[in-house]
Amino acid sequence: MGRLLDGRLLGLLSLACVFASPTTAEVPSYDRVRALESPRSVRDAVLTDHNGTAFRLSDLKGKVAFVLFGFTNCPDVCPLSMERLRELHDSGQLNGENVAYVMISVDGERDTPSAMKAFLAEYSGDFVGLTAEPNRVSPIAEQFSATFFKGSHTGHDGGYNVTHSPQIFVLDPAGLLRAELYGASLEAMAGVARALLAENNTRQ
């Protein structure tokens, strides 16, 4: 009787393996890379890109997307992060057609499409800048577990700072949030992207 039950159990386990839904692979382990334990879906949303055209987050599907929440008047964090993305873009380690570099503005009051375009031009013509009113960006940021808030005025000219999450987020080609980068090396960034692209190829 025991052998019969064991045989039936093994059969059921085999069927479960055959019909199980495909799962995502683990993100490679690197210093300053936080891989999410479970991929997180991101709801679609429409923003305005740096050319003044409507852009949906779902337009990023099919690519690995490096996403930064920032603003053009940022004095330190954003320029450093954008320079890191520029270095990765120019390194030749990744196929440019399969990778997107995106900055979503947390300062829609000042970051018009033209302001975004001028800012991005300092780094690469391939980068995408997205902007919208802060109250429209907030629910998007929440899905990434990113935060931002407007600070006090910094001078008589009405200027102000915006405090925001510093990490770069990584979306896989299916549009799922997979990792967060905290000053990771170029090799780590490229390694994560290559792993996610390879995973996508196995699905097809």
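The values are calculated or read from the model by the stated rules, or taken from the named source; none is laboratory data. No experiment lies behind these values; they were computed from the predicted model shown. Here the Cβ is made from the backbone with ideal geometry for all residues, glycine too, and neighbour counts use every protein chain on show.
Residues that are closer than 16 Å to Phe127 by Cα and either surrounded by 14 or more Cβ atoms within 10 Å (Cβ to Cβ) or modelled with pLDDT of 95 or more (or both): does the range 32-47 have at least one?
yes
Report whether or not Lys150 is part of a strand (DSSP E or B), of a type outside the set (Ser, Thr, Tyr) and more than 27 Å from Ala35 (Cβ to Cβ).
Yes, satisfied.
Every residue in the range 54-71 that is surrounded by 22 or more Cβ atoms within 10 Å (Cβ to Cβ) and more than 14 Å from Leu196 (Cβ to Cβ), please.
Selection gives Leu68, Phe69, Gly70, Phe71.
Please go through (1) touching a residue at least 40 places away in the same chain (Cβ under 8 Å); (2) at positive phi for Gly129 and return the number of the only condition it doesn't satisfy.
Among (1) touching a residue at least 40 places away in the same chain (Cβ under 8 Å); (2) at positive phi, the lone unmet condition for Gly129 is (2).
Would you confirm, using the coordinates I've provided, whether Thr202 is over 29 Å from Pro28 (Cα atoms) and either touching a Pro at 6+ places or on another chain (Cβ under 8 Å) or surrounded by fewer than 21 Cβ atoms within 10 Å (Cβ to Cβ) (or both)?
no
Go through the residues of the range 106-117 one by one and say whether even a single one is touching a Leu at 6+ places or on another chain (Cβ under 8 Å), of a type in the set (A, V, I, L, M), under 14 Å from Leu47 (Cα atoms) and outside any helix (DSSP H, G or I).
Within the range 106-117, none of the residues are touching a Leu at 6+ places or on another chain (Cβ under 8 Å), of a type in the set (A, V, I, L, M), under 14 Å from Leu47 (Cα atoms) and outside any helix (DSSP H, G or I).
Could you check how many residues of the range 118-130 are touching a strand residue (DSSP E or B) at 6+ places or on another chain (Cβ under 9 Å) and outside any loop (DSSP other than H, G, I, E, B)?
Residues meeting the conditions: 5.
Filter the range 1-31 down to the residues that are at pLDDT 50 or above and among the polar types (S, T, N, Q) and list them by number.
Selection gives Thr23, Thr24, Ser29.
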